[in-house]
1. Which of the three applies to region 42-199, rounded, prolate or oblate, going by the alpha-carbon gyration tensor with a ≥ b ≥ c and a/c under 1.5 meaning rounded?
2. Under a point-charge model restricted to the Cβ atoms of Lys and Arg (+1) and Asp and Glu (-1), what is the dipole moment magnitude of the chain relative to its Cα centre, in debye to the nearest 20?
3. Enumerate by residue number the GluC sites (Glu not before Pro) in region 9-63 meeting two conditions: DSSP loop (anything except H, G, I, E, B), and at most 10 other Cβ atoms within 10 Å of the site's Cβ.
4. Across the chain, how many lysine pairs, 8 or more apart or on two chains, come within less than 30 Å at their alpha-carbon atoms?
5. What is the percent carbon and sulfur in the accessible area of region 143-235, measuring with a 1.4 Å probe over the protein chains and ignoring ligands?
6. 222 nm [θ] for the chain, helices only, -39500 (n - 2.57) per DSSP H run of 4+, per residue, to 500?
7. In what order, largest first, do GLU116, GLU199 sit by accessible area if the probe radius is 1.4 Å?
8. So between THR24 and SER119, what do we pick up on full extension, going 0.36 nm a residue minus the alpha carbon distance?
Amino acid sequence: MNRILVSEVGPRDGLQSIARAMPTEAKHRWIRALAQAGLREIEVASFVPAKLMPQMADAADVVREAVKIPGLTVLALAPNLRGARDAIAAGAHKVTLPVSASEAHSRANVRMGVDEAVSQVGLVCEFRAGLPSDRRPGVEVGISTAFGCTLQGEVDEDRVFEIALALAKLGVDTIGLSDTVGYANPAQVKRMFARLARELGDRAGGAHLHNTRGQGLANVVAALDAGVTTFDASLGGIGGCPHAPGASGNLVTEDLVFLLESMGFETGIDLDRLLVARALLAESLPGEPLYGHLPDAGLPKTFHRATERP
Ligand code: ZN
């Protein structure tokens with residue numbers, strides 16, 4: 001299996017942790033540029049009350065525009081049934097729901113305990129089952145703080161898989177693991193994703209890794225070893241988690257694509273066009289720090305895309 005799906009989360013995970021809002025038109029342009037670079041899946045918005053997150057007040061508009069882009073899978077995050085209904089009404093192809101493995105993070109992030117968050121997911125799965133078969137979106141969950149939590153500290157591994165199995169039983173299509181606060185190390189990542197594949201089979205989802213402590217790409221390689229084929233990343237590395245102090249640092253899409261293509265994994269993404277999308281992002285949010293080694297250093301002369309290897 002040489003094909004890897006890079007799922008871009010910048011327009012949601014990234015923008016929601018930046019205090020000022022990107023204008024809706026600029027979001028449309030940026031998302032189109034990301035798709036033009038070859039990204040086939042983009043998480044574009046979060047359906048939360050505008051009072052709590054004014055940056056996401058235009059979520060429905062952003063989804064309605066993004067679904068017009070041919071071949072793009074449009075994801076939206078929703079913390080509960082109400083948000084999920086709005087996301088589905090706007091036409092999102094997939095709804096992603098946050099469930100934390102840490103009780104403390106769950107209460108801080110979605111104001112619900114873990115079991116309550118799991119039952120919200122159950123309600124969304126029931127709602128979906130009641131829709132006409134051609135209008136049923138995908139439902140996925142990334143289990144947050146699966147590798148440790150700034151609020152709670154240690155997170156019990158068995159508990160993570162208990163939650164994952166409960167979600168699978170409710171009918172969630174894929175269940176991934178998220179290192180929300182950048183606590184994971186490669187040995188742990190390999191062990192946990194190997195177990196996820198064993199326990200969930202084809203419902204085992206992707207990796208949402210952070211680079212908070214510089215372990216992001218090492219953790220990607222460990223997850224590849226465990227057979228993971230979907231990775232979340234954010235252009236320019238924008239975003240983190242508001243309830244994880246100091247946890248800036250999603251994986252940088254540009255660096256991730258470079259790593260994967262260099263190793264011979266096909267992503268379908270064109271790095272030059274990705275840098276065009278990065279320029280648009282920089283232009284829309286002047287002064288906002290963007291991260292990434294590849295954008296600073298440029299491509300090495302010896303670089304070949306996976307599909308163009310000698
Ligand atoms: Zn993240």
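The values are calculated or read from the model by the stated rules, or taken from the named source; none is laboratory data. Everything numeric in this text was worked out from a predicted model, so none of it was measured. Neighbour counts are summed over all protein chains in view; Cβ atoms, including those assigned to glycine, are modelled from backbone coordinates with ideal geometry. Areas reflect the complete protein model, heavy atoms only, side chains present, ligands, DNA and RNA absent. Shrake-Rupley method; radii C 1.70, N 1.55, O 1.52, S 1.80 Å.
1. On the way: a/c = 1.74, a/b = 1.53, b/c = 1.14.
Because a/c hits 1.5 or more and a/b exceeds b/c, region 42-199 counts as prolate.
2. Numbers: 31 positive and 36 negative charges, 89 e Å.
I would put it at about 420 debye.
3. Working: sites: GLU25, GLU41, GLU43; in loops: none.
Here no loop site has a sparse enough neighbourhood.
4. Total qualifying Lys-Lys pairs in the chain comes to 9.
5. Values: 1630 of 3540 Å².
Carbon and sulfur atoms account for 46 percent of the accessible area of region 143-235.
6. The per-residue figure over the chain is -12000 deg cm²/dmol.
7. Values: GLU116 95, GLU199 70 Å².
The residues order as GLU116, GLU199, largest area first.
8. Details: separation 95, 0.36 × 95 = 34.20 nm, distance 3.27 nm.
Computed gain between THR24 and SER119 is 30.9 nm.
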